[in-house]
Amino acid sequence: MTDDDGHAIAYHALKRGTPVRSADGVVVGKVRRVSIAVRENIFDGIDVDTPDGTRFVDAPEVHRIYERAVELTIDAAAVADLPRSQNPVAERVKMSRTARRAQRFGRDLKDRWDRR
């Protein structure tokens, strides 16, 4: 933590665009989205926009959330090895009845959403 990170906050108050720092102090990206396990009402992790694409950081790898920064428990090299984040809209489209019907006729609606 640096003095300008602000106070520790809950994941509900975390804003998009907040810088994310690895355990070795490198700013690896910015918060894109907070993932919440809705049924259990618990913090699941964050999607981080990095120079190599959007990565999903699982909740145990998030050390602390501050007003103006997020600290991780992993170093910058480990962040680069994290899985790419899945586009939630594309996942919903892929599972929709309309998409399944379109696939039978040789069209794939999922490709439209993945191009974004």
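Here are some residues: SER35, SER22. Which one is within 17 Å of PRO83 (Cα to Cα) and without any contact (Cβ under 8 Å) to a residue 40 or more places away in the chain?
Matching residue, one of SER35, SER22: SER35.
Within the stretch 19-50, restricting attention to residues that are aliphatic (A, V, I, L, M) and more than 17 Å from TYR66 (Cβ to Cβ), which residue is surrounded by the most Cβ atoms within 10 Å (Cβ to Cβ)?
So the residue we want is ILE36.
Every number here is computed from the coordinates shown, using simple stated rules; none is lab data. Just so you know, these numbers come straight off a predicted model, no measurement behind them. Neighbour counts run over all protein chains shown; Cβ positions are idealised from the backbone, glycine included.
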